Structures are given as C-alpha cells and as structure tokens.
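Following: one structure in structure tokens, then a few remarks.
The values are calculated or read from the model by the stated rules, or taken from the named source; none is laboratory data. Worth saying up front: this structure is predicted, and the values here are computed from it rather than measured. Neighbour counts are summed over all protein chains in view; Cβ atoms, including those assigned to glycine, are modelled from backbone coordinates with ideal geometry.
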Amino acid sequence: MQYALLIYGDEKVWESLTDAEEQEKHARHGAFMKLLQERDAMRGGSELSRSHTATTVRDTGDGGVSVTDGPFAEAAEQLGGFYLIEAADLDEAIALAKALPEGIVEVRPLAPMRD
C-alpha cells in the first residue's frame, strides 16, 4: 500500500537555518532516501516551495470558482514537502516516518482509484 509522509514545520525556522544547518538537514534527508531505496519503498517525493507561492482554487458553492493567492489557511506549521512510499501496512509506514529527520510528519494512506 502507498502512503504519503507529509512534512510540516515552521517556514520561519527553515528560512533561518545557516548554510551548515541546511547542509546537515539535506544530508539527513539523503540518508533517509537511501533507507527507502534499500527497502524498495521510495515511490516519489519533493520539497515544496514556500507557502506564500501557493494559489488556492476554491469552489464557491454557487457554481463558481474563486482563485486566491496564498495557502488555504493560515497555520503555525506549513506543508514543506512529502515522500511517497510503499509499505506493507500502517505500522511499517509509521516506522519509516519515525526515521524521517523532521519534527512533524503526517502519515496518510493513498485512497484507491475508483472507476
């Protein structure tokens, strides 16, 4: 089964990292990706651009659609990236999420495609 590991954090903290801290963070993510590859669990993923670059498209409920700059909601933590993984079950997905070098990781199964 496939799971999304959604990485949340405070963008202000991410932006305040020194070059050395950022390189260390990238190295830890590199080690995590190697772990996923060794287990044949890596299916995809990416860092996301900062939330201020988001555009929200919303159904207005009256047949119209609104388009606004910015994320859907203001929050203390922002979605900063994700990994798409293959795991036997939720327990294995959680075990992999625990190895991810981030403070907040949401584990969410992908919904099966419907006909």
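Residues of region 5-41 that are touching a strand residue (DSSP E or B) at 6+ places or on another chain (Cβ under 9 Å) and hydroxyl-bearing (Ser, Thr, Tyr): TYR8 alone.
Give region 74-100 a look and list any residue that's touching a helix residue (DSSP H, G or I) at 6+ places or on another chain (Cβ under 8 Å) and over 17 Å from ALA41 (Cβ atoms), or say none. Outline the logic, then answer.
First pass over region 74-100, keeping only residues touching a helix residue (DSSP H, G or I) at 6+ places or on another chain (Cβ under 8 Å): 78-80, 83, 85, 87, 96, 99-100.
Answer for region 74-100, where residues must be touching a helix residue (DSSP H, G or I) at 6+ places or on another chain (Cβ under 8 Å) and over 17 Å from ALA41 (Cβ atoms): GLN78, LEU79, GLY80.
Contact annotation: residue pairs with Cβ atoms under 9 Å, 6 or more positions apart or on different chains, pairing a residue in region 21-45 that is on the phi > 0 side of the Ramachandran plot with a partner that is in a helix (DSSP H, G or I) and surrounded by 11 or more Cβ atoms within 10 Å (Cβ to Cβ), are GLY45/MET33; GLY45/LEU36.
For region 36-50, state whether one or more residues are among the basic types (Lys, Arg), modelled with pLDDT of 95 or more and more than 15 Å from the chain's Cα centre (by Cα). Among the residues of region 36-50, at least one is among the basic types (Lys, Arg), modelled with pLDDT of 95 or more and more than 15 Å from the chain's Cα centre (by Cα), which makes the answer yes. For region 101-115, the candidate set comprises residues that are modelled with pLDDT of 95 or more and touching a helix residue (DSSP H, G or I) at 6+ places or on another chain (Cβ under 6 Å); within that set, the residue that is farthest from ASP40 (Cα to Cα) is VAL105. All of (1) in contact with a Gly (Cβ under 8 Å, 6 or more places away or on another chain); (2) modelled with pLDDT under 95 hold for PRO71 with one exception: (1).
Condition check ((1) among the small types (Gly, Ala, Ser); (2) outside any strand (DSSP E or B); (3) more than 14 Å from VAL105 (Cβ to Cβ)) across all residues:
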{"residue": "TRP14", "(1), (2), (3)": "no, yes, yes"}
{"residue": "ARG28", "(1), (2), (3)": "no, yes, no"}
{"residue": "THR56", "(1), (2), (3)": "no, no, yes"}
{"residue": "ASP62", "(1), (2), (3)": "no, yes, yes"}
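With respect to TYR8, determine if the residue is in contact with a helix residue (DSSP H, G or I) (Cβ under 6 Å, 6 or more places away or on another chain) and not in a helix (DSSP H, G or I). Here the answer is no, as TYR8 does not meet what is asked.
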